[in-house]
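**Student:** Structure provided below as structure tokens; questions to follow.
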Amino acid sequence: MKLEQALEEYEKRRNNAKKEVEKIRKRYNKRLEKKLREVLKRIDSLERKEIPKNVDDNIRKIVTAERKSYVTSLRKALESIETMEDLGKRLPDLSKLHVGHGRYLIILFEKDVYAINRLLKELNEEYVNYYEELSKKELKDLEIRKLIEGKEETRRNLSLNERERRDLQKKVEEKKAELEEFYREQGLEELEKSIRELSSRIRKEEIKLRSKASKLQKPVKRMRLHEGIASEFIGDSSVVLKKPEEFISLLQKIYPRLEGKHKKIAQWLIENLPEKSRAIKDNRKKLAELERKREQIIRDAEARKKEIHELERLIEEKEAEIKKLKRQLEHLEEELEKSLRKLEEILGEKIER
């Protein structure tokens, strides 16, 4: 059987079921009206009855209060019931009243209370029977059309979001290409290469000078000099780079006291340190200038990078929405399949998917 034909057949059966359900509802509501009148009649009778004269005054007061509370609560609960649906909502309240009427009231008016309770129990049983009959006759809306529409709409939204994600990804690729072109035009790659090479050259020269100078730390320490520069040098060989003039003055002063290799090292430093320290200083200025140029290029590219980051953020949002829609689509497909199987069971025929 084709789906549309199956839905039409099910709708016919639902309409017939609605008529049957309405008949059941009217029948039970009529019986409910009669039963409620009977209960209210019993309540009125209990309310009018005189408390026996031989009852203790304290007990009389207690029973009077208990009866008033019981009658008022029960009457209030029953007056709000007009249909079987109302009865179903108030059954929990009525069940509480079964045991909430007080110890002395049931002793003095046992027959009346039990008669009311019996009627309330019958109301409960009546509702159970009503619910069972409705369950057998009633055909609920399987919401197949709604599920199909929801599935189609979700597919459309999923397709739209996937297309929008592709467009955003394409824009990101274009913007990244533009950024790379900007860097190329500005010569960023060559600039960074120059920075790396110059930094490496400076480090090597500094290490070479510090390494040579460090070989003189022990001889200087043994001399027990009082000059500040000597103490600084013993603790840190970088003094040769930070204070080259003072260090050369120190070497010239201690030169006569040095021997062998230490004397040669000192002589080499005296002859070469001024030039090499100036070269390092000049190179550091060049490095600083190159780094300033690089920072300027990076700052100029910041707007482009922010645009790329914003696009990537939008892509993440789209991906989250796509995951959500896929889960929603999967859920709708499962619900639709359940409803179609239920429809096949009801109609007793296989439905074309």
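**Student:** Residues in region 185-200: is at least one basic (K, R) and in a helix (DSSP H, G or I)?
**Tutor:** Yes.
**Student:** Same structure, new question: Of the conditions (1) closer than 30 Å to I351 by Cβ; (2) touching a helix residue (DSSP H, G or I) at 6+ places or on another chain (Cβ under 8 Å); (3) in a helix (DSSP H, G or I); (4) of a type outside the set (S, T, N, Q), K12 satisfies every one except a single condition; which number is it?
**Tutor:** (2)
**Student:** Looking only at region 325-351, which residues are more than 19 Å from D141 (Cβ to Cβ), modelled with pLDDT under 95 and not charged (D, E, K, R)?
**Tutor:** G348
**Student:** Further, regarding this structure: Give the residue that is nearest to R118 (Cα to Cα), with candidates limited to residues of region 37-54 that are assigned to a helix (DSSP H, G or I) and touching a residue at least 12 places away in the same chain (Cβ under 8 Å).
**Tutor:** V39
**Student:** When residues of region 215-263 are filtered for being among the basic types (K, R) and closer than 20 Å to A279 by Cβ, how many remain?
**Tutor:** 2
**Student:** Residues that are in contact (Cβ under 8 Å) with a residue 40 or more places away in the chain and out of contact with any Asp or Glu (no Cβ under 9 Å at 6 or more places or on another chain), at least 3 per element: which helices (runs of 4 or more DSSP H) completely within region 71-161 meet that?
**Tutor:** Output list reads 110-137.
**Student:** I would also like to ask the following. For region 1-17, which positions are over 12 Å from R353 (Cα atoms), within 42 Å of the chain's Cα centre (by Cα) and small (G, A, S)?
**Tutor:** Within region 1-17, none qualify.
**Student:** If you take the residues of region 77-133 that are at pLDDT 90 or above and of a type in the set (K, R), which of them is farthest from K26 (Cα to Cα)?
**Tutor:** Only one residue fits best here, namely K111.
**Student:** In addition: Show the residue pairs that are 6+ apart or on different chains and have beta-carbon atoms under 6 Å apart, the first residue being within region 217-246 and part of a helix (DSSP H, G or I), the second being of a type in the set (G, A, S) and at pLDDT below 90.
**Tutor:** So the pair list comes out empty.
**Student:** Among the residues of region 152-173, how many are farther than 25 Å from L332 by Cα and aliphatic (A, V, I, L, M)?
**Tutor:** Number satisfying all stated conditions: 2.
**Student:** Mind telling me which of the residues E334, E319 ends up being outside any loop (DSSP other than H, G, I, E, B), loosely packed, with under 12 Cβ neighbours inside 10 Å and assigned by TED's automatic domain parsing to the domain that holds E192?
**Tutor:** When all the criteria are applied, what remains is E334.
The values are calculated or read from the model by the stated rules, or taken from the named source; none is laboratory data. Just so it is clear, the structure is predicted and the values come from calculations on it, not from any experiment. A quick note on method: Cβ atoms are made from the backbone with ideal geometry, for glycine too, and the neighbour counts reach across all protein chains shown.
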